[in-house]
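First up is the structure itself, then whatever we jot down about it.
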Amino acid sequence: MPTEDPQNPPVPNSPRERVRVFDTTLRDGEQAPGFSMTRAQKLRMANALADLGVDTIEAGFPQASDDDFAAVQAIAREVRSAGVCGLARCQRGDIETAARALEPAARGRIHVFIATSPLHREFKLGMSKDQVIDAAVAGVRRANELCGEVEFSAEDAMRTEPEYLAEVFAAVIEAGATTLNVPDTVGYTTPAEMHERIRYLRGSVRGIERAVISVHCHDDLGMAVANSLAAVAAGARQVECTLTGIGERAGNAALEEIAMALKTRAELYGVETGVRTPKLYPTARLLAQITGHTITRNKAIVGENAFAHESGIHQHGMLKHRGTYEIMRPEDVGFARSALVLGKHSGRHALRERLSALGFAPADGELEQIFARFKALADRKREVFDSDLEALALGRDADE
Ligand code: KIV
Ligand code: ZN
């Protein structure tokens with residue numbers, strides 16, 4: 001029987017290859033100032049992420065605090081449909097603590113990391129190239145003794161010498177790592193560089209066919225999602241991301257953007273994820289509610305304006321064919337419907353449509369009068385609500 005190629009696992013009933021989604025909302029996301037969550041909140045979010053269909057949930061950094069340990073352990077106990085992962089430095093204490101927290105997991109993973117770039121080797125670690133390799137190998141070996149799945153991250157990989165990075169990866173594959181993560185830790189990379197780096201690693205790391213290449217992009221220059229997609233195009237088969245892109249500094253690649261880009265442009269990427277996309281909006285709302293940080297209105301995919309249209313030209317187009325101004329269906333990401341928002345940019349077509357939905361069918365002359373009063377009101381108010389339209393249709397003054 002042919003063995004499964006870990007780079008290209010088959011997707012049941014689908015001709016497309018699967019890209020695994022590794023969600024780090026509860027580790028890298030929670031690490032951002034102002035986003036910390038209690039154990040109960042993390043558990044609630046973990047269950048929602050599992051329902052969303054992510055493959056692996058990075059639940060925390062068990063060595064960081066007793067509470068993080070307890071949160072990882074509680075998630076490992078409760079979540080069965082996704083893998084549960086704990087982060088650890090390449091240090092025995094971290095790795096053993098992570099293993100203990102993950103003991104109850106149906107599918108546990110230890111994620112060990114060490115920095116590999118010249119800057120980090122010299123100023124942060126004070127270690128030579130060989131010392132970093134030795135520490136990485138020892139860490140992966142110990143993790144492999146304690147846990148069924150081991151992921152290795154070369155922190156600051158994108159500022160690491162490519163040949164040295166390939167050497168580190170070959171050594172950790174030999175020691176038992178089955179996922180090799182390439183973090184753009186400081187969000188410095190461009191999509192073309194990312195594509196080239198993944199292509200290079202696929203062609204030059206000894207034993208690479210035994211591992212999945214993963215990517216972990218930060219958004220300091222606003223390119224985290226573009227870089228993640230470039231990595232997928234070059235053959236990476238795991239993406240690390242957070243819901244709504246929360247994370248250190250400018251954040252991580254946004255899960256909902258990656259999932260919908262891969263789905264909407266499937267003909268281009270030829271892959272699919274296991275994300276149940278209609279759950280994106282409700283799950284993002286839950287995160288906002290838990291963290292207390294509202295989603296900005298113009299946020300791609302899950303912002304309130306993502307499927308809202310105010311300009312008359314756009315509304316006219318939408319009324320004729322939604323494809324004129326929408327590339328995704330709102331229900332595919334969890335919105336009930338598109339919204340034609342009435343404001344000063346709106347036109348007669350949208351006004352007539354809305355009035356009709358409210359039960360009014362003004363004749364043409366009457367519509368002209370209502371339209372004139374509507375425009376005057378919209379110039380004074382940011383948004384015109386249904387109650388305003390009802391008042392205008394009934395010839396009354398709208399609330400201001
Ligand atoms: O950004 C980073 O390098 C990380 C690693 C720990 C994977 O978060
Ligand atoms: Zn990170």
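Under the Karplus relation 6.51 cos²θ - 1.76 cosθ + 1.60, θ = phi - 60°, what is the ordered set of whole-Hz ³J(HN,Hα) values for segment 361-368, x standing for Gly and Pro?
In residue order, the calculated couplings are 9, x, 5, 3, x, 5, 4, 4 Hz.
List the residues whose amide H sits under 5 Å from the amide H of residue 149, counting only those 5 or more places along or on another chain, with H placed 1.01 Å from N in the peptide plane.
The list, which skips near neighbours in sequence, is 110.
Which ³J(HN,Hα) values, rounded to whole Hz and listed in residue order, are derived for segment 285-296 from phi using the Karplus coefficients 6.51, -1.76 and 1.60 in 6.51 cos²θ - 1.76 cosθ + 1.60 with θ = phi - 60°, glycine and proline given as x?
My calculation for segment 285-296 gives 5, 4, 4, 4, 5, 5, 7, x, 10, 5, 7, 5 Hz in order.
Given the convex hull over the Cα atoms of segment 103-166, what projected area results after averaging over all orientations, in nm²? Please list the in-between numbers first.
Working: hull surface 18.7 nm².
The orientation-averaged projected area of the Cα hull of segment 103-166 comes to 4.7 nm².
Need one number: nm distance between label points at residue 67 and residue 329, each 7 Å from Cα along Cα→Cβ, rounded to one decimal.
Spacing of the two 7 Å Cα→Cβ label points: 4.3 nm.
Can you tell which of 253, 363, 154 shows the greatest fluctuation in a Gaussian network model of the chain with Cα springs below 10 Å?
Sorting by GNM fluctuation, first place goes to 363.
Classify segment 12-67: rounded, prolate or oblate, from the alpha-carbon gyration tensor (a ≥ b ≥ c, eigenvalue square roots; a/c under 1.5 rounded; otherwise prolate if a/b is larger than b/c)?
prolate
Mind checking which of 91, 79, 119 is farthest towards the positive end of segment 72-139's charge dipole, using Cβ charges of +1 (Lys, Arg) and -1 (Asp, Glu) about the Cα centre?
Positive-end residue among those listed: 79.
Output ³J(HN,Hα) for segment 109-121: one whole-Hz value per residue in order, computed from phi by the Karplus curve 6.51 cos²θ - 1.76 cosθ + 1.60 with θ = phi - 60°, and x for Gly and Pro.
Whole-Hz 3J(HN,Hα) from phi for segment 109-121: 9, 9, 10, 9, 9, 8, 6, 10, 6, x, 4, 6, 4.
Compute log10 of I(q)/I(0) for the chain with the Debye formula, placing one identical point scatterer on every Cα and leaving out solvent, at q = 0.07, 0.08 Å⁻¹, to two decimals.
Debye intensities relative to I(0), on a log10 scale: -0.39, -0.49.
Ratio to report: Rg/Rh of segment 270-348, with Cα atoms as the point set and Rh obtained by the Kirkwood method; give two decimals. Numbers along the way, then the final one.
Details: Rg = 14.3 Å, Rh = 13.8 Å.
Rg/Rh for segment 270-348 comes to 1.03.
Quick check on segment 310-400: take the gyration tensor over C-alpha atoms, sort the square-rooted eigenvalues as a ≥ b ≥ c, and tell me if it's rounded (a/c under 1.5), prolate or oblate.
It comes out prolate by the Cα gyration axes.
By its C-alpha gyration tensor, with a ≥ b ≥ c as the square roots of the eigenvalues, how is segment 242-400 shaped: rounded for a/c under 1.5, else prolate for a/b larger than b/c, else oblate? Working shown, then result.
Numbers: a/c = 2.99, a/b = 1.94, b/c = 1.54.
Prolate, because a/c is 1.5 or more and a/b exceeds b/c.
To the nearest 0.05, how large is the calculated FRET efficiency for residue 100 and residue 366 if R₀ is 60 Å and r is the Cβ-Cβ distance?
Values: r = 74 Å, r/R0 = 1.23.
Computed FRET efficiency for residue 100 and residue 366 comes out at 0.25.
How big is segment 189-267 by Rg and Dmax over its Cα atoms, in Å?
Expressed in Å, the Cα Rg and Dmax of segment 189-267 come to 12.5, 36.
When the helices in the chain are scored as -39500 (n - 2.57) per DSSP H run of 4 or longer and the sum is shared across all residues, what 222 nm value do you end up with, to the nearest 500 deg cm²/dmol?
Working: 14 runs with 164 residues, N = 400.
The helix contribution divided over the chain gives -12500 deg cm²/dmol.
Please list, in chain and number order, the residues 5+ apart from residue 60 or on another chain whose amide H is under 5 Å from its amide H, with Hs placed from the backbone.
87
Under 5 Å between amide hydrogens, which residues at least 5 positions from residue 308 or on another chain qualify, with H placed 1.01 Å from N in the peptide plane?
For residue 308, whose amide H was placed from the backbone, the distant partners under 5 Å are 339.
With springs only between Cα atoms under 10 Å apart, run a GNM on the chain and tell me which of 317, 247, 334 wobbles the most.
In this elastic network of the chain, the residue with the biggest mean-square fluctuation among 317, 247, 334 is 317.
When DSSP beta bridges are limited to those with both residues in the chain, what percentage is antiparallel, rounded to the nearest 5?
Numbers: 2 of 42 bridges.
Within the chain, antiparallel bridges account for around 5 percent of the total.
Only Cα pairs within less than 10 Å get springs; with that Gaussian network setup on the chain, which residue of 171, 372, 136 has the largest fluctuation?
372
Can you pull the one-decimal nm distance between simple spin-label points at residue 380 and residue 305, each 7 Å off the Cα toward Cβ?
Spacing of the two 7 Å Cα→Cβ label points: 2.5 nm.
Would you please give the FRET efficiency between residue 267 and residue 296, computed as 1/(1 + (r/R0)^6) with r the Cβ-Cβ distance and R0 = 25 Å, to the nearest 0.05? Present the calculation step by step, with values, prior to reporting the outcome.
Values: r = 30 Å, r/R0 = 1.20.
So, using R0 = 25 Å, E works out to roughly 0.25.
Bear in mind that the values in this text are calculations on the coordinates, not laboratory data. Please read these numbers as outputs of a predicted model, since none were measured by experiment. Counting neighbours? That spans all protein chains shown, and the Cβs are built from the backbone with ideal geometry, glycine included.
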